[in-house]
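The values are calculated or read from the model by the stated rules, or taken from the named source; none is laboratory data. Owing to the predicted nature of the structure, the values given are computational and were not obtained by experimental measurement. All Cβ positions, even for glycine, are placed from backbone atoms using ideal geometry, and neighbour counts span all protein chains on display.
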Amino acid sequence: MTQETSAFIVDDEYQSRLVIAQLLSRYFPGIQILGQAGSVAEATEGIRLLRPQVIFLDVQMQGETGFEVLDQLPESEFEIIFTTAHQEYAVKAFRYSAIDYLIKPIDPPALAEATQKAINKIRLQRSRTAEQLQVLHQQINPGQKFTNKIAVPTSEGLQFLPVQDIIYCQGQGNYTEIFLVSGQKITSSHTLRSYEEMLGGQHFFRAHKSFLINLLHIEKYLRGEGGIAVMSNGSEIEIARRNKTSFLNLFKG
């Protein structure tokens, strides 16, 4: 899993925070733990500053409650997973739109399941936002054949990339790595197929099951079973044998 989700842990017991952090590292090594807090004041300040996407929040903390943290952050957007030794707060927890409510001692599979639910919800929200922006772009420019920029969901939100700056896209399971002329690599939570559909008709070619290449950035073609496309950044992309003929036909006058 790539680093596409950020988390913050709130608990007045250091050992409890450590357990959660260790379980997250075990089940979701790509999750970035932005910070930890042991009190309402520390949590409120840290969450405002770091803007995590998921909060693991203890209910009772030395005369304070996790609900006080949420009451001080009414406009913040994050997913909440409560952790507590007290079942009686469950109903109130879900009034705060919590993803889940974990009872201590925390069961590792239960934490993994709750975290996955939070990640799935974040992905869905990003995907819907990107799709809405693409529709809006088409409504604003209904006669425009090519899209100048695409909205790419990233760990921080959305990044708008000029299409001509994309050298190629590489699929990594449910994610896509986008390589740019600047040398930057952007990791997106969309699949390679979604980018193939998004960029269809814009000088992009599905060279291989794992690669979508920008034809305008091909420097040379090396003959072989399927052949190799050498891109403008020096990368060598294999052309699948079954795609060789259709690829070469693109360059026939």
note = Of those in the range 148-161 that are β-branched (V, I, T) and closer than 23 Å to G30 by Cα, the residue modelled with the lowest pLDDT is T154
note = Going through the range 58-80 in order, the residues found to be within 15 Å of E13 (Cα to Cα), buried (at least 21 other Cβ atoms within 10 Å of the Cβ) and not hydrophobic (A, V, I, L, M, F, W, C) are D58, G66
remark   = Within the range 198-220, residues surrounded by fewer than 15 Cβ atoms within 10 Å (Cβ to Cβ) and farther than 23 Å from Y175 by Cα come out as L216, E219, K220
request  = Identify the single condition in (1) closer than 19 Å to F67 by Cα; (2) surrounded by fewer than 21 Cβ atoms within 10 Å (Cβ to Cβ) that T83 does not satisfy, given that it satisfies every other one.
outcome  = (2)
ask   = Quick check, is F56 among the aromatic types (F, W, Y) and either under 20 Å from the mean Cα position of the chain (by Cα) or part of a strand (DSSP E or B) (or both)?
value = yes
ask   = Restricting attention to the range 217-253, which residues are touching a helix residue (DSSP H, G or I) at 6+ places or on another chain (Cβ under 8 Å), among the hydrophobic types (A, V, I, L, M, F, W, C) and at pLDDT below 90?
value = L250
note = Matching residues in the range 229-253 (more than 18 Å from Q202 (Cα to Cα) and out of contact with any His (no Cβ under 8 Å at 6 or more places or on another chain)) number 9
task = Looking only at the range 19-37, decide whether some residue is in contact with a Ser or Thr (Cβ under 8 Å, 6 or more places away or on another chain), at pLDDT 95 or above and assigned to a helix (DSSP H, G or I).
result = yes
remark   = Checked the range 21-39 for anything of a type in the set (A, V, I, L, M, F, W, C) and over 15 Å from T83 (Cβ atoms); matches are F28, I31, L34
ask   = Which of the residues belonging to the range 193-236 are in contact with a Phe, Trp or Tyr (Cβ under 8 Å, 6 or more places away or on another chain) and either outside the structural domain of Y175 (by TED's automatic domain parsing) or in contact (Cβ under 8 Å) with a residue 60 or more places away in the chain (or both)?
value = M231, N233, S235
query = Say we look at the range 23-48 and pick out the residues that are over 24 Å from the mean Cα position of the chain (by Cα) and of a type in the set (S, T, N, Q); which of these is surrounded by the fewest Cβ atoms within 10 Å (Cβ to Cβ)?
reply = S39
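Each row is one residue, and each column tells you yes or no for (1) within 28 Å of A207 (Cβ to Cβ); (2) modelled with pLDDT of 80 or more; (3) surrounded by 12 or more Cβ atoms within 10 Å (Cβ to Cβ).
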| residue | (1), (2), (3) |
| --- | --- |
| Q125 | no, no, yes |
| V135 | no, no, no |
| I140 | no, no, no |
| F146 | yes, no, no |
| V163 | yes, yes, yes |
| C169 | yes, yes, yes |
| T176 | yes, yes, yes |
| S182 | yes, yes, no |
| I186 | yes, yes, yes |
task = Could you list all residues from the range 38-53 that are in a loop (DSSP other than H, G, I, E, B) and either acidic (D, E) or over 23 Å from E113 (Cβ atoms) (or both)?
result = G38, S39, R51
